[in-house]
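The values are calculated or read from the model by the stated rules, or taken from the named source; none is laboratory data. All of these numbers come straight from a predicted model, not from anything done at the bench. Note that each Cβ is placed from the backbone with ideal geometry, even for glycine, and that neighbours are counted across all protein chains shown. For accessibility, only protein heavy atoms count, side chains too; no ligands or nucleic acids. Shrake-Rupley method; radii C 1.70, N 1.55, O 1.52, S 1.80 Å.
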Amino acid sequence: ISSRSAKAGGRTCRVDQVFLGRAGSGEAVPAFWITPEPWNGTVVVAVGDGGKKAVAPIDEAGNAGGLAALVLERGAAVLAPDVFLTGELVPPEGAVRFPLDPKRHRDFCGYTFGYNRTPLANRVHDVLTAIGYAWAKPGPHTVHLAGTGEAGLWVLLARGLAGGAVARTLTDRPSLDFSDVKDVNDLRFLPGGVKYGG
């Protein structure tokens, strides 16, 4: 964990770079945990399609911007993760996300996605991990969820699984119908997405 100071409006904030994970999983999701002084006990898990720096940009002078600034100015904390294939987790050009047999994958994607989460499912999984992390910190009494850009879809799907762990949700409306996904390599592919109502 590394820490530094930032400002949002008239508030001084502490910015911790943390890694989120689940016990025994070996996961390490980079994130910013930003708390204002004073903190009112509310946390907004803010997810952007460009990663944590898309929703919580901090300039060289230490000024927080974007969605994070709006949240911090109101006394709430921000947890901004780099979910699967965003921010620090964007793989080098040409890197394979997971091992697969190209021919079998092309003929029947169940050989790949019967054993591995799809990229969309991984992103939703990471959003849920962030929600759990927010509740595990000392002090929160309310957790909200926000998603910008394409992350609106990931946040909506995570919200459906989060139950009472999330109070309110704000997202950009996804410009997607699952029937628009024509390729199993599309990052929005979700097995059964069309079958179960699009």
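When we screen Ala31, Ala61, Ala56, Ala69 for residues that are farther than 18 Å from Val90 by Cα and open to solvent by less than 50 Å² (accessible area, probe 1.4 Å), the only hit is Ala69. Starting from residues that are exposed (fewer than 12 other Cβ atoms within 10 Å of the Cβ) and in a helix (DSSP H, G or I), keep the ones in segment 92-134 and report whichever is modelled with the lowest pLDDT. Filtering segment 92-134 for residues that are exposed (fewer than 12 other Cβ atoms within 10 Å of the Cβ) and in a helix (DSSP H, G or I), the one modelled with the lowest pLDDT comes out as Pro102.
Each row is one residue, and each column tells you yes or no for (1) open to solvent by less than 30 Å² (accessible area, probe 1.4 Å); (2) of a type in the set (Lys, Arg); (3) within 14 Å of the chain's Cα centre (by Cα).
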position: Glu150; (1), (2), (3): no, no, yes
position: Leu156; (1), (2), (3): no, no, yes
position: Ser175; (1), (2), (3): no, no, no
position: Lys182; (1), (2), (3): no, yes, no
position: Arg188; (1), (2), (3): no, yes, no
position: Val194; (1), (2), (3): no, no, no
